[in-house]
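One structure below.
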There are 2 protein chains.
Amino acid sequence: MSAPSLQVFALDGYPEGQPGDDVAALILQIGFEFAPGDILVVTQKIVSKAEGRLVDFRDIEPSDLAIRFAAVSGKDPRHIEVVLRESVRIVRMVPALGLIISETRHGFVCANAGVDLSNVRGYEVACLLPLDSDASARQIHELISAKAGFSVPVIISDSFGRPWRNGIVNVAIGVAGMNAIIDYRGQTDSHGYEMHASIMAVADELACAAELVMGKIDARPLAVVRGYQYQPATGTMRDLLLPPERDLFK
Amino acid sequence: MSAPSLQVFALDGYPEGQPGDDVAALILQIGFEFAPGDILVVTQKIVSKAEGRLVDFRDIEPSDLAIRFAAVSGKDPRHIEVVLRESVRIVRMVPALGLIISETRHGFVCANAGVDLSNVRGYEVACLLPLDSDASARQIHELISAKAGFSVPVIISDSFGRPWRNGIVNVAIGVAGMNAIIDYRGQTDSHGYEMHASIMAVADELACAAELVMGKIDARPLAVVRGYQYQPATGTMRDLLLPPERDLFK
């Protein structure tokens, strides 16, 4: 068996986009020819924007909690209010860093509930995570696969910080058409050892590989990973959420 | 400017290896022809093994702390003892999961101080992280680059778990020849927004991309990333460590 290899490339030509767009239809308009085995990685921002997950700050009445935190952290109280509304559990509030770590309705624990102010047209508009990121991935997956005539798994990616490590990396926030993880538990390695703690979060690793070609400033919202031997499945980002009993950092 | 693309492929032919090996020399013996722009990702295990970072359990006298934790967690007390000796700070001890989260001398916060029992020949042998993982990366980088006639950055990778997310992913534990991060702070995106919190941990993302071709069971210890536009630099994994004031989960 020859050594595995894969290719990762960004797709050009996705339009600026606006609320109400059909992301899958716009992707198809690019005219890219998918090949069997391709995985499509789509950045969260174009999905959120198309789904109208934008909040105009003029519509936001900040709570006392938001006003107080904003005052001590130097943030806009309406931004803080949006973050609080997008959270179901606060893990840490860090005024000195202007940072709220919280859990979203999806179960993601991340900074500022994934609420983003950059790369959205217009001033004072916050971009929220898709309401149901697996459903968003599934919708794109189904239309692209139907047109291609074979399954094209879809990963929706966003960039999250990590405790204990500097910098942000891409993660998968929505998955359709493939297993998000590979579970090696119970298998033995080449020396006969049983593998412990060996669930690989491959959807997160694929999102990372995609980020390397998407870039941050040039903001290419689409990438294709070709040649990776994924496990076909319905797929869900829920496999990437830590079971409560393993959450040591509540 | 055309859309960026990259290739990731595993290298076959690295020998079984033993303590005292020169990793760079063994890599060169494979005869792979590096191209300008290639990044070499090397899995921690072959580096640790070559550097003799193996501990025979028969030489380990467990402390009372190790014996107590092992008893309640069902682990081998000698394994726990090795983990404690490789730690400079304990973040969490979780008997129910048999898990110790601690900080290593390098500054990594991870499970069981990166001490591994799998994929090392012989019974009851623990494999420790390289003593100075940047130095290990630099040594390989320098010899490979000298033979190639151009710089070949080297990343030493290991797989770490993450709080709040299920599964492990590859990270960079040693870096030479490139910047481990890209700092976008102060730059504006395509809509004129200044980018916040935008340090990308690209060395970690490259390690993730490599894992996708290295695999876990087949254990290919070497991968090449070709076509990624890295920033040439001395490089260090220290850029991937969180400054103490941002460590919210001590």
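Here, each number is a calculation from the coordinates, and none is a lab measurement. All values derive from a computational prediction rather than experimental measurement. Neighbour counts are summed over all protein chains in view; Cβ atoms, including those assigned to glycine, are modelled from backbone coordinates with ideal geometry.
Observations
- Fluctuation leader among B:Val224, B:Val213, B:Val175 - chain B, Gaussian network, Cα springs under 10 angstrom: B:Val213
- Estimated inter-spin distance, B:Asp247 and B:Ala71, nm [label 7 Å along Cα→Cβ]: 3.1
- Placing a label point 7 Å from the Cα of A:Glu16 along the Cα-to-Cβ direction, the residues of segment A:215-235 with a backbone N closer than 20 Å are A:217-222.
- At 7 Å out from Cα toward Cβ: B:Asp56 inter-copy label distances (nm, ascending): 7.5
- For the peptides B:157-170, A:59-72, the ranking by mean Cβ contacts within 10 Å, running from highest to lowest, is B:157-170, A:59-72.
- Stretch in chain B that is longest and holds no GluC sites (Glu not before Pro) that DSSP places in a loop and that have at most 11 other beta carbons within 10 Å: B:34-250
- Annotation: the antiparallel percentage among DSSP beta bridges lying fully within the protein assembly as shown is about 90.
- Relative to the longest principal axis of the Cα atoms of chain A, helix A:202-214 runs at roughly 70 degrees.
- Scanning chain A for cysteines with no neighbouring cysteine C-beta under 4.7 angstrom from their C-beta gives A:Cys110, A:Cys127.
- C-alpha long axis of helix A:64-73 to longest principal axis of chain A, angle in °: 80
- Across identical copies of the chain, B:Ala96 has label-point separations of 3.1 nm, listed in ascending order, with the point defined 7 angstrom from Cα along Cα→Cβ.
- Karplus (6.51, -1.76, 1.60) ³J(HN,Hα), θ = phi - 60°, over segment B:5-20, in Hz, Gly and Pro reported as x: 8, 8, 10, 10, 9, 7, 9, 8, x, 6, x, 4, x, 7, x, x
- Equivalent ellipsoid dimensions for segment B:54-129 as semi-axes, Å, which come from the Cα gyration tensor, largest first: 17, 16, 11
- A:Gly31 label point (Cα plus 7 Å toward Cβ) to equivalent points in the other copies: 4.5 nm, shortest first.
- Rg(Cα) / (2.2 N^0.38 Å) computed for chain A, rounded to two decimals: 1.07
- Comparing Cα centroids, segment A:75-90 and segment B:54-126 end up 40 angstrom apart.
- In percent, rounded to a whole number, the relative contact order of chain B is 25, using alpha-carbon pairs under 8 Å and six or more apart.
- Angstrom value of the Kirkwood radius, inverse mean 1/r, which spans all Cα pairs in the protein assembly as shown: 23.4
- Here the extension length gained between B:Val88 and B:Ala35 equals 15.1 nm, from 0.36 nm per residue of separation less the Cα-Cα distance.
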